[in-house]
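Engineer: One structure, pasted below without further comment.
The values are calculated or read from the model by the stated rules, or taken from the named source; none is laboratory data. Here the structure is a predicted model, which means the values were calculated and not measured. Here the Cβ positions follow ideal geometry from the backbone for every residue, glycine too, while neighbour counts run over all protein chains shown. Accessible surface is based on the protein model in full, side chains and every heavy atom, while ligands, DNA and RNA are left aside. Shrake-Rupley method; radii C 1.70, N 1.55, O 1.52, S 1.80 Å.
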Amino acid sequence: MMTFPLQSLTLAEAQQKQFALVDTLCRHFPGADFLAGGDVGLSPGLNQPRVTQRVEKVLADAFHAEAAVLVQGAGTGAIRAGLAALLKPGQRLLVHDAPVYPTTQVLIEQMGIVLVRTDFNDLAAIKQAITEHCPDAALVQHTRQQPQDRYVLAEVLAEITKCGVPTLTDDNYAVMKVDRIGCEYGATLSTFSCFKLFGPEGVGAVIGKADAIAKIRATQYSGGSQIQGAQALEVVRGLVFAPVMHAVQAEVSEHLLIMLNSGVIAEVKKAVIANAQSKVLIVEFHRPIASRVLIEAQKRGALPYPVGAESKYEIPPLFYRLSGTFREANPLLGDYAIRINPNRSGEDTVLRILRESVSAVTCESV
């Protein structure tokens with residue numbers, strides 16, 4: 001299986017991204033302001049907590065955008081808000097010709113959106129689809145929807161924008177792992193879950209053009225729809241740690257890739273790194289033992305399922321089945337392969353769990 005993973009930040013690059021975010025934070029929270037707990041409710045004249053507004057300005061500056069808004073509903077809520085800002089029910093949405101992420105598919109069905117599918121790996125096909133079907137907006141997933149995807153986000157956005165179509169990027173699993181996200185490449189809106197970046201449960205972010213952000217903010221007129229000041233502070237606290245933690249994680253995955261493909265575990269046929277959706281190791285076995293390996297792995301300390309896919313709760317390594325979109329694209333691979341996310345663990349822990357789990361399954365078969 002050939003994969004085309006996104007280029008992760010090096011540890012040095014991740015440190016610089018962390019330092020830049022902290023510098024931005026200092027400009028918006030002087031003195032002891034950042035040590036306060038954060039306000040709640042509808043501040044007069046703002047219709048939102050003042051601290052939330054300040055954190056949103058930090059996010060906009062950090063991602064070189066005009067504006068940002070925090071929303072309820074994590075990544076799904078962010079995509080919902082973004083789609084509603086760009087589309088009316090029943091309008092056309094340009095998407096990649098690949099399995100749509102399940103939660104996004106629900107939003108598409110709820111809005112009655114008509115999908116226009118084309119191959120984002122082919123820029124000429126994008127132009128042709130826009131010319132023939134006149135979509136009202138485009139949704140581009142930053143990470144991979146299927147193993148063979150190789151498109152460059154900046155090039156896809158440039159082609160769509162050149163045709164006059166507004167764009168929304170699903171940047172989940174890419175933020176603070178790669179050099180830039182969608183809005184930094186010209187997308188109308190970028191969306192992502194703050195929970196996947198060591199932030200609080202249920203908070204999403206939409207960042208991009210001011211006029212589109214204003215449409216989202218106009219829907220948040222009630223106190224119950226607001227992200228409160230304390231939640232907003234949690235968002236930025238988690239975000240500061242994300243780049244370096246994810247760079248370390250990427251480095252561990254690279255080391256594991258080399259070791260597994262060198263034959264340290266004989267039962268492993270091949271290992272590749274893929275963005276599925278988070279950047280993980282896909283480990284393929286010679287025999288269809290994937291499901292049994294997963295059962296044994298959790299007995300030895302591996303997480304049996306994701307919480308927020310790299311949330312603050314996910315410290316041990318994750319040993320899990322292939323993602324739904326990858327299994328849909330490769331139905332037979334599900335019996336032979338698993339995905340491993342090291343999370344905060346090192347190579348030794350992952351190899352120990354994998355080796356012991358495979359050994360236990362092999363002994364059962366004898």
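Engineer: Residue check: is Thr131 touching a Gly at 6+ places or on another chain (Cβ under 7 Å) and surrounded by fewer than 20 Cβ atoms within 10 Å (Cβ to Cβ)?
Structural biologist: On the way: touching a Gly at 6+ places or on another chain (Cβ under 7 Å): no; surrounded by fewer than 20 Cβ atoms within 10 Å (Cβ to Cβ): yes.
Taking the combined requirement at face value, the residue does not satisfy it.
Engineer: For the range 30-62, give me each residue that is open to solvent by 50 Å² or more (accessible area, probe 1.4 Å), acidic (Asp, Glu) and either modelled with pLDDT under 95 or more than 29 Å from the chain's Cα centre (by Cα) (or both).
Structural biologist: Asp33
Residues checked against (1) touching a Gly at 6+ places or on another chain (Cβ under 6 Å); (2) outside any helix (DSSP H, G or I); (3) of a type in the set (Ser, Thr, Tyr); (4) surrounded by fewer than 22 Cβ atoms within 10 Å (Cβ to Cβ):
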site: Ile207; (1), (2), (3), (4): no, yes, no, no
site: Gly224; (1), (2), (3), (4): no, no, no, yes
site: Val244; (1), (2), (3), (4): no, no, no, yes
site: Glu254; (1), (2), (3), (4): no, no, no, yes
site: Lys270; (1), (2), (3), (4): no, yes, no, yes
site: Ser291; (1), (2), (3), (4): no, no, yes, yes
site: Ile295; (1), (2), (3), (4): no, no, no, yes
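Engineer: Would you check which residues across the range 134-163 are open to solvent by 60 Å² or more (accessible area, probe 1.4 Å) and part of a loop (DSSP other than H, G, I, E, B) and list them?
Structural biologist: Matches in the range 134-163: Cys134, Gln148, Arg150, Val152.
Engineer: Go through the range 128-180 and give me each residue that's in contact (Cβ under 8 Å) with a residue 12 or more places away in the chain and of a type in the set (Val, Ile, Thr).
Structural biologist: Answer for the range 128-180, where residues must be in contact (Cβ under 8 Å) with a residue 12 or more places away in the chain and of a type in the set (Val, Ile, Thr): Ile130, Thr131, Val140, Thr143, Val156, Ile160, Thr161, Val165, Thr167, Thr169, Val175, Val178.
Engineer: On to the next question. Could you please let me know if Ser357 is hydroxyl-bearing (Ser, Thr, Tyr), crowded, with 21+ Cβ neighbours inside 10 Å and within 30 Å of Asp170 (Cα to Cα)? Show your work before the answer.
Structural biologist: Numbers: hydroxyl-bearing (Ser, Thr, Tyr): yes; crowded, with 21+ Cβ neighbours inside 10 Å: yes; within 30 Å of Asp170 (Cα to Cα): no.
The answer is no for Ser357.
Engineer: Against the condition assigned to a helix (DSSP H, G or I), within 30 Å of Phe241 (Cα to Cα), of a type outside the set (D, E, K, R) and touching a helix residue (DSSP H, G or I) at 6+ places or on another chain (Cβ under 9 Å), how does Phe326 come out, does it pass? Quick ask: steps written out before the conclusion?
Structural biologist: Values: assigned to a helix (DSSP H, G or I): yes; within 30 Å of Phe241 (Cα to Cα): yes; of a type outside the set (D, E, K, R): yes; touching a helix residue (DSSP H, G or I) at 6+ places or on another chain (Cβ under 9 Å): yes.
So Phe326 fits the description; yes.
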